[in-house]
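First up is the structure itself, then whatever we jot down about it.
The values are calculated or read from the model by the stated rules, or taken from the named source; none is laboratory data. It should be emphasised that the depicted structure is a prediction, and the values quoted were computed from it without experimental measurement. All Cβ positions, even for glycine, are placed from backbone atoms using ideal geometry, and neighbour counts span all protein chains on display.
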Amino acid sequence: MQTGREIDIGRHRIEQEPFYAEVRGEVGLFTIAARSKMAVMLKGPTGCGKTRFVQHMAFKLGRPLITVACHEDLTASDLVGRYLLKGQETVWMDGPLTVGVKHGAIVYLDEVVEARKDTTVIIHPLGDDRRVLPIEKKGQVLEAADDFMLVISYNPGYQSVLKDLKQSTKQRFMAIEFDYPPADIETTVVEQEAGVSRSMAERLVKLGGKVRNLKNHGLEEGVSTRLLIYAGALIKQGVSPERACEAAVARPITDDPDMQRSILELVKAVF
């Protein structure tokens with residue numbers, strides 16, 4: 001029996017600083033949490049910048065970043081590791097969580113509530129002052145490297161009774177609340193990321209605000225900053241604003257024809 005090949009942790013380092021516009025002190029909070037070896041929970045709607053924020057902080061802190069997109073079939077073995085057959089040998093392969101614990105990386109579990117409840121339990125001893133990862137299949141308990149940091153995210157607006165974090169999980173994390181940024185900051189983000197003019201970014205953000213106001217009138221979720229950037233990128237490539245907003249805003253966020261028509265009316269009014 002052998003252990004698996006060494007992981008190249010260098011490929012998890014972010015070489016160029018991702019653009020991020022701070023909204024309300026989250027950079028300082030996260031930095032203190034990292035220094036204090038606290039686990040961090042990011043709460044907020046889809047596409048409001050949680051993932052980009054973690055990438056920015058990983059670069060700023062100089063730590064590798066391992067991101068896991070959680071889903072309902074995610075098992076504890078997917079995170080921790082498993083034995084695999086290679087030829088005639090049985091080889092242990094570390095999972096992303098084990099790699100992060102060993103190498104002092106930030107491990108980011110994106111949309112953690114999508115994972116099975118028995119899977120999220122394994123992060124409990126990493127989220128409190130023990131900072132250990134039990135690997136039952138190997139009979140080991142790994143102590144986390146000093147720079148290891150556990151970060152999870154979820155969207156409270158989408159959670160139901162069946163899909164929510166247990167209090168025993170939540171209370172192991174310091175929480176940072178995210179929302180869509182104020183209009184001036186969101187305009188800067190859209191301008192920077194989509195490469196459009198300031199005036200075009202302002203109109204896209206204005207549209208975003210109007211669409212979000214429909215959330216209490218039948219729309220399940222407001223339009224994300226990410227989708228406004230997509231619309232801007234299409235416009236940058238020569239697509240008309242109306243067609244770009246239809247493809248990147250109206251169609252993705254609702255299947256309801258009446259709601260799509262309402263959004264397209266807003267697009268005409270803004271552009």
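Some points to look at:
- Qualifying residue in segment 66-76 (condition: among the hydrophobic types (A, V, I, L, M, F, W, C), modelled with pLDDT under 95 and either assigned to a helix (DSSP H, G or I) or not assigned by TED's automatic domain parsing to the domain that holds Asp146 (or both)): yes
- The set of residues in segment 175-196 that are closer than 30 Å to Leu165 by Cα and in a helix (DSSP H, G or I) contains only Glu186.
- Selected residue (only one of Asp147, Asp110, Asp179 is within 22 Å of the chain's Cα centre (by Cα), loosely packed, with under 14 Cβ neighbours inside 10 Å and not small (Gly, Ala, Ser)): Asp179
- Of Val99, Val141, all but one fail to be assigned to a strand (DSSP E or B), outside the structural domain of Leu228 (by TED's automatic domain parsing), modelled with pLDDT of 90 or more and over 30 Å from Glu220 (Cα atoms); the exception is Val141.
- Exactly one residue out of Thr51, Thr46 is surrounded by 14 or more Cβ atoms within 10 Å (Cβ to Cβ), in a helix (DSSP H, G or I), among the polar types (S, T, N, Q) and not assigned by TED's automatic domain parsing to the domain that holds Thr188: that is Thr51.
- Qualifying residue in segment 2-12 (condition: outside any helix (DSSP H, G or I), surrounded by 16 or more Cβ atoms within 10 Å (Cβ to Cβ), touching a residue at least 12 places away in the same chain (Cβ under 8 Å) and outside the structural domain of Glu221 (by TED's automatic domain parsing)): yes
- Odd one out for Gly44 among (1) out of contact with any strand residue (DSSP E or B) (no Cβ under 8 Å at 6 or more places or on another chain); (2) at pLDDT 90 or above; (3) more than 22 Å from Ile122 (Cβ to Cβ): (1)
- Residue check for Tyr83: in contact (Cβ under 8 Å) with a residue 12 or more places away in the chain, in contact with a strand residue (DSSP E or B) (Cβ under 9 Å, 6 or more places away or on another chain), surrounded by fewer than 20 Cβ atoms within 10 Å (Cβ to Cβ) and aromatic (Phe, Trp, Tyr): yes
- Ser199 vs. criteria out of contact with any strand residue (DSSP E or B) (no Cβ under 6 Å at 6 or more places or on another chain), part of a helix (DSSP H, G or I) and assigned by TED's automatic domain parsing to the domain that holds Gly49: no
- Residues of segment 56-79 classified as under 15 Å from Leu109 (Cα atoms) and in contact with an Asp or Glu (Cβ under 8 Å, 6 or more places away or on another chain), total: 8
- Top-ranked residue of segment 222-246 - restricted to ones that are part of a loop (DSSP other than H, G, I, E, B) and either closer than 13 Å to Ile263 by Cβ or not assigned by TED's automatic domain parsing to the domain that holds Val190 (or both), ranked as modelled with the lowest pLDDT: Gly222
- Taking segment 9-40 as the range and being among the aliphatic types (A, V, I, L, M) and touching a Leu at 6+ places or on another chain (Cβ under 8 Å) as the test, the residues that pass are Ile14, Ala34, Ala39, Val40.
- Considering the conditions (1) small (Gly, Ala, Ser); (2) within 22 Å of Leu29 (Cβ to Cβ); (3) loosely packed, with under 13 Cβ neighbours inside 10 Å, Gly139 is excluded by exactly one of them, (2).
- Filtered residues of segment 122-148 (kept if touching a helix residue (DSSP H, G or I) at 6+ places or on another chain (Cβ under 8 Å) and hydrophobic (A, V, I, L, M, F, W, C)): Ile122, Ile123, Leu126, Val132, Leu133, Ile135, Leu142, Ala144, Ala145, Phe148
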